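Structure first, then comments.
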Amino acid sequence: MKMVFRWFGEGNDTVTLEQIRQIPGVEGIVWALHDVPAGEEWPMDKILQVKKAADKAGLHMKVVESVNIHEDIKLGLPSRDLYIDNYKKTIVKLAEVGVKVICYNFMPVFDWVRTDLHKELEDGSTALFYEKEKVAHLNLEEQVQRINANPNFTMPGWEPERLGRLTELFDAYRNVTEEQLFDNAKYFLEAIIPFAEKYDIRMAIHPDDPPWPIFGLPRIITGQANIRRFLGLVDSPNNGLTMCSGSLGANPANDIVSIVNEFADRIPFAHIRNVRVYDNGDFIETSHRTTDGTVDIAGIVNALHENDYEGFCRPDHGRHIWDEQCRPGYGLYDRALGIMYLWGLWDANRRKLQSGRMGN
C-alpha cells in the first residue's frame with residue numbers, strides 16, 4: 001500500500017507540502033488543476049508548477065483527482081468528441097510528468113451532496129453531514145449559497161461555472177436514464193481506455209456520493225453489481241475503481257470487504273474513511289477508527305492486505321478538530337490521525353503474516 005495525501009495546491013489549501021511530508025509513510029500528493037473547467041485541456045505550464053512544488057518537497061504526484069468529465073460526455077451530446085479529445089491531450093501531458101492513476105467520476109451535475117458542512121459530533125468536533133429528509137426538500141439555491149459561503153476554498157464538484165448552470169443542466173438530464181448513462185460511459189471508456197493503456201495510466205472511477213439517485217438524477221456507480229458492470233464495459237486493467245469506503249459505506253447494504261475481494265486487481269486507488277449511518281438514512285463522517293462509525297475499516301484494510309494490495313491509498317474526509325480552520329473535510333489533523341490508524345491496521349496484518357511464516 002502506497003500512502004498519499006490530497007492537496008489542493010499553493011494558495012488553495014491550508015495544509016502545506018512540508019506538513020504532508022512529515023506524516024509517516026506519505027510518499028506523494030493527490031492533486032488536480034482545480035481552476036481548469038471540466039472539458040478543457042490542462043495547460044502544461046500549470047502541471048509543471050505542481051511538479052516543481054512536489055519535487056521540492058520530496059513528494060511524487062502519481063495520482064490525479066480529478067480530471068473531470070464534461071457534462072456533454074455524460075449526456076451523450078455530439079459535442080462530447082471534442083471534450084474526449086481534450087481528455088486525451090491531458091492524459092499525454094500527465095504521462096509526461098509520471099502520473100499513473102486518474103481518479104474521476106461519472107456523476108451528473110454534483111460530485112457529492114451534504115446538507116451541513118460543520119455538523120457537531122458528541123466530542124465537539126464537526127464533520128460533513130447528510131440529512132436524508134432535508135435532501136428530499138432541499139432548496140438548491142440555498143445549498144449553492146451555503147457552498148459559496150466558503151470563498152477561500154474551491155469545493156470540488158461545486159465549481160462556480162457548474163453552479164451557474166444548474167437550471168440548464170437539470171433540464172438537460174430530465175429524460176436521461178440509468179441505462180443511457182451507462183451507454184454514455186461506455187462510449188467514453190471505449191475512446192479513453194485504449195489511450196490510457198498506451199500511456200500506462202490507470203483510470204479509476206469513483207463511486208457516487210451518496211450511492212443512490214438524488215434530485216431525480218441517475219447514478220450508476222452505487223454498489224457491487226454496478227461496479228462489476230462498469231468495469232466490464234471495457235474489460236481492461238486500465239479501467240479500474242477508486243474504492244471509496246465512505247461513499248459506498250453510506251449504504252449499509254454495500255459489502256465493501258466483498259467489493260475489495262472481488263475487484264482487488266482493478267483497484268489502483270483507495271479512499272478510506274468512515275461514516276456513521278443512522279436508521280433514518282442520515283449519515284455523518286466520523287474518525288477513521290472502525291468503532292466510531294458503521295463501516296468496517298479494519299475489515300477493509302485486512303482485505304487489501306490479504307490481496308497483496310500495492311496501489312495508492314489516502315485517508316479521506318476528516319473531522320474538523322482542535323480548532324483547525326480548513327476546507328470542509330480536508331484539514332491536516334484528523335486526516336493525519338487517520339493515516340496512522342490505517343498504518344496501524346496494515347502493520348498489524350503484516351506482523352501477523354510474518355509471524356505465521358516463522359511459525360511454519
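The values are calculated or read from the model by the stated rules, or taken from the named source; none is laboratory data. The model shown is predicted, which means the values in this text are computed figures rather than measured ones. A quick note on method: Cβ atoms are made from the backbone with ideal geometry, for glycine too, and the neighbour counts reach across all protein chains shown.
Confirm whether Met61 is under 16 Å from Arg202 (Cα atoms) and without any contact (Cβ under 8 Å) to a residue 60 or more places away in the chain.
Yes.
Would you pick out the residues in the stretch 228-249 that are in contact (Cβ under 8 Å) with a residue 24 or more places away in the chain, of a type outside the set (D, E, K, R) and surrounded by fewer than 24 Cβ atoms within 10 Å (Cβ to Cβ)?
Matches in the stretch 228-249: Phe230, Leu231, Leu233, Val234, Ser236, Pro237, Asn238, Asn239.
Just to check your reading of the model, which residue among Asp171, Asp235, Asp208 is over 18 Å from the mean Cα position of the chain (by Cα) and either closer than 14 Å to Phe263 by Cα or at pLDDT 95 or above (or both)?
Criteria check complete, one pass: Asp235.
Here is a list: Glu122, Glu133. Which entry is touching a Gly at 6+ places or on another chain (Cβ under 9 Å) and surrounded by fewer than 19 Cβ atoms within 10 Å (Cβ to Cβ)?
Result: Glu133 is the single residue among Glu122, Glu133 that is touching a Gly at 6+ places or on another chain (Cβ under 9 Å) and surrounded by fewer than 19 Cβ atoms within 10 Å (Cβ to Cβ).
If Gln19 passes every condition in (1) within 18 Å of Arg314 (Cα to Cα); (2) in contact with a strand residue (DSSP E or B) (Cβ under 6 Å, 6 or more places away or on another chain) but one, which one does it miss?
The failed condition is (2).
Which of the residues that make up the stretch 308-323 are part of a loop (DSSP other than H, G, I, E, B) and surrounded by 16 or more Cβ atoms within 10 Å (Cβ to Cβ)?
Tyr309, Gly311, Asp316, His317, Gly318, Arg319, Ile321
Return yes or no: is Phe188 within 26 Å of Ile272 (Cβ to Cβ) and part of a helix (DSSP H, G or I)?
no
Here is a list of conditions, (1) over 21 Å from Val30 (Cβ atoms); (2) of a type outside the set (Lys, Arg); (3) modelled with pLDDT of 95 or more, and Gln325 meets all of them except one; can you say which number that is?
Of the numbered conditions (1) over 21 Å from Val30 (Cβ atoms); (2) of a type outside the set (Lys, Arg); (3) modelled with pLDDT of 95 or more, the odd one out for Gln325 is (3).
Working only within the stretch 168-185, note down all residues that are in a helix (DSSP H, G or I), surrounded by 15 or more Cβ atoms within 10 Å (Cβ to Cβ) and not small (Gly, Ala, Ser).
Correct list: Leu169, Phe170, Gln180, Leu181, Phe182, Asn184.
Restricting to the stretch 328-360, and then to whatever is modelled with pLDDT of 95 or more, in a helix (DSSP H, G or I) and among the hydroxyl-bearing types (Ser, Thr, Tyr), can you tell me which residue is surrounded by the most Cβ atoms within 10 Å (Cβ to Cβ)?
Here the answer is Tyr341.
Going through the stretch 181-208 one residue at a time, which ones are closer than 19 Å to Met107 by Cβ and either basic (Lys, Arg) or in contact with a Ser or Thr (Cβ under 7 Å, 6 or more places away or on another chain) (or both)?
Correct list: Lys186, Ala204, Ile205, His206, Pro207, Asp208.
In the list Val97, Val109, which residue meets the criterion of being at pLDDT 75 or above and either surrounded by 20 or more Cβ atoms within 10 Å (Cβ to Cβ) or charged (D, E, K, R) (or both)?
Selected residue: Val109, the only one of Val97, Val109 that is at pLDDT 75 or above and either surrounded by 20 or more Cβ atoms within 10 Å (Cβ to Cβ) or charged (D, E, K, R) (or both).
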